Each structure stands twice: as structure tokens, then as C-alpha cells.
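Novice: Take a look at this one; I'll ask things after.
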Amino acid sequence: MPPVTVVLSLTLLTILLTVSPSIAWRPWPNMKHNSSEYIYGNSKKYEGSSEFVHMKYHMGPVLTANITVHPIWYGTWLKSQKRIIREFINSISAVESKRPSVAGWWKTVQLYTDQTGANISRTVRLGQEKNDRFYSHGKSLTRLSVQSVIKSHVTARSKPLPINPKGGLYLLLTSTDVYVQDFCGQVCGFHYFTFPSIVGYTLPYAWVGNSAKLCPGVCAYPFAVPQYMPGLKAVKSPNGDVGVDGMISVIAHEIAELATNPLVNAWYAGPDPVAPVEIADLCEGIYGTGGGGSYTGQLLDGEDGATYNMNGIRRRFLVQWVWNHVVNYCTGPNALDQ
């Protein structure tokens, strides 16, 4: 390929990746608005916004095969932090968990189908993991270098992550001392798919960062409160780690959207496939009945004073709701009418 063509191709690729990944936004008043707000106004933040939202299937694939999540631990992680995240992932398919449960939350995601009518898989399991404790690509990542990190672990000489385009999700988790492009100012996480020109394969992936040092009031709300919300008190996190407990909901957000829109051509609302409004975007900030804006909705309080809305195998978690296209509003297992 001539040098000029290479330069033009890389430039186009950079522009595409800069604007395209679907992102989890946090939280509210002074943040850059989610693209969906330009379509629906503030209606998307309320459970009863059915008349404004038209979730549509665009004929792309969804994850109907058993889903395997492959975490990549980038940076410095405590064993206790890894356990919290692993147990959340394992709780997605734990149907015998105490209600309201993470598995009950996943049932809404399972309602989505592909063009054959096959539902998204009920099975989500933890797969092979990789540690990147020496920051192989530095402590400041761009969206392009996020894909390069994934490449280094699916092509590693020693125990590479398995290549599974149909059911594998590659979850890059960055520690508190790593900055990722647009982190805190605009996003807490995003998902997309890898480019064969970079990674060698088309693989659904997501990035989520630990905001504990950089912006807990933005990405770990309501376990931390933004400075622009004076007088609002933070609530106690269910697992004693504000940054990781905040990550759980963003991880859930991204896994739900990866399952229903892995190649950004399946389930989304709005007219723009470059900036799709997906099933978790529509319920941003809603964790319980009555939620919307900076109000989380009705939550549960543990005997230890911790706040949560669903149970896992052995732990409790706070996870945002997702859009139910059957009833046309946000639903969750802790809804007061269930």
C-alpha cells in the first residue's frame, strides 16, 4: 500500500474511532449531554418516557451464544477489588440468588432478539483473564491505544486470550492511576468493536475505569457526590470500595449494550448509528422506581447502612436499570410493582 494511502487510512480510522464508540455517561447537570438528550430532551431520564422513545432493531447480530467475559486488569489492582468485579460477572447467570437479583436484571436484556427470533443468552460467565500490571501502553490511553492493549493480550505468546467473536466480550479495566481519553470529563466507560487493521479480529470490547482518585463524584455516584451538588450526601457503598462499586454499574451498562448491540448495528434508538442511543443510555441514572435526573429512585438499605438495589451470589450491588422494549420503559428487579 502506498505511503499516502496508509496515512489517509490511519487518519480516517482515527476520526471514526474518535466519534464512534458507544459510551456510558455520568451523571448529570453540568456534564456534556448524552446524544440522546438532543433527541428526547430530558425525557430519557424518567421511567414514564415511553411516548418519546422508539427502540428499533437494525438487523445486526446480538449475542445469542453463551457469553464469556474476559477481563484485562490494566495497572495496579487489589485482590479484593478483582473479587468484587468477578463476583458481579458470575452473578449475572446466578438465577438462585436472593431477590431482587442481578440475574433478574439480566432477564430484561434477554428479551432482545436477533432477526431469527433467538434471544440473547441467559449464560454469562467469567472467562480467561490477563494482568497488565506494568502498564504496557503507559498510564494515558487513547481510544486507539485501548485497542492496542487488547491486541497485546489476544496475541500474547504466553496464554493469549481466546478469540471468540460470537460470544466473547473483552473487558479492559484500568486502575485509579490510568487516564483514558475523555475519562471523567465526558465518559466513565465505552464499548465498541476492535478493528482487524489494529487487532487482527473484530471483537466486541468495553473499557471501564476506576474513578476513585480522578472523579468519584462523576463516575462513582451516589457513593461519592460531585462538587456541583452541595448539600447532597453520598451513600455507603455495598462492598466497601467506592471506586469499584461505582465501576460495577458502568460494567453492567456496557455488558448489556454489548449483548444487544455488539457491532453497533442491532438494537438502538435514534436516527444516528454513529452515536446510537442504547438500552442502558436510556436509563442513565435510574436505579429504582421513580428515578431520574440526579435522583436514583427507591433503593434498598442494608443493616450495615450500605445502599444497593440487587443481590449477587454473595454480595450486593447497585446497578442501573435498562430499557425494556416490550413495555417501553426502564425496568429493574427492584421495581416496587414487582
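The values are calculated or read from the model by the stated rules, or taken from the named source; none is laboratory data. Here the structure is a predicted model, which means the values were calculated and not measured. So basically every Cβ, Gly included, is an ideal-geometry build from the backbone, and we count neighbours across all protein chains shown.
Novice: Determine, yes or no, whether W25 is surrounded by 19 or more Cβ atoms within 10 Å (Cβ to Cβ), at pLDDT 95 or above and of a type outside the set (D, E).
Specialist: no
Novice: Could you tell me whether any residue of the range 213-226 is closer than 17 Å to L172 by Cβ and part of a loop (DSSP other than H, G, I, E, B)?
Specialist: Scanning the range 213-226, I find at least one residue that is closer than 17 Å to L172 by Cβ and part of a loop (DSSP other than H, G, I, E, B), so the answer is yes.
Novice: Within the range 227-262, take every residue that is free of Cβ contacts under 8 Å to residues at least 60 places away in the same chain and assigned to a helix (DSSP H, G or I) and give me the one that is surrounded by the most Cβ atoms within 10 Å (Cβ to Cβ).
Specialist: So the residue we want is G246.
Novice: Pick out the one residue from V327, V319 that is farther than 22 Å from S97 by Cα and not in a helix (DSSP H, G or I).
Specialist: That would be V327, the only listed residue that is farther than 22 Å from S97 by Cα and not in a helix (DSSP H, G or I).
Novice: A further question follows. Which residue out of V146, V124 is within 21 Å of F88 (Cα to Cα), in contact with a Phe, Trp or Tyr (Cβ under 8 Å, 6 or more places away or on another chain), buried (at least 17 other Cβ atoms within 10 Å of the Cβ) and of a type in the set (A, V, I, L, M)?
Specialist: V124
Novice: In the range 104-141, which residues are part of a helix (DSSP H, G or I) and either small (G, A, S) or at pLDDT below 95 (or both)?
Specialist: Correct list: G104 only.
Novice: Could you list all residues from the range 179-202 that are buried (at least 24 other Cβ atoms within 10 Å of the Cβ) and part of a loop (DSSP other than H, G, I, E, B)?
Specialist: Selection gives C188 alone.
Novice: Does T68 satisfy being in contact with a Ser or Thr (Cβ under 7 Å, 6 or more places away or on another chain), of a type in the set (V, I, T) and either under 24 Å from A156 (Cα atoms) or part of a helix (DSSP H, G or I) (or both)?
Specialist: No, not satisfied.
Novice: Right, next: Only one of these is in contact with a helix residue (DSSP H, G or I) (Cβ under 8 Å, 6 or more places away or on another chain) and part of a helix (DSSP H, G or I): L169, L144. Name it.
Specialist: L144
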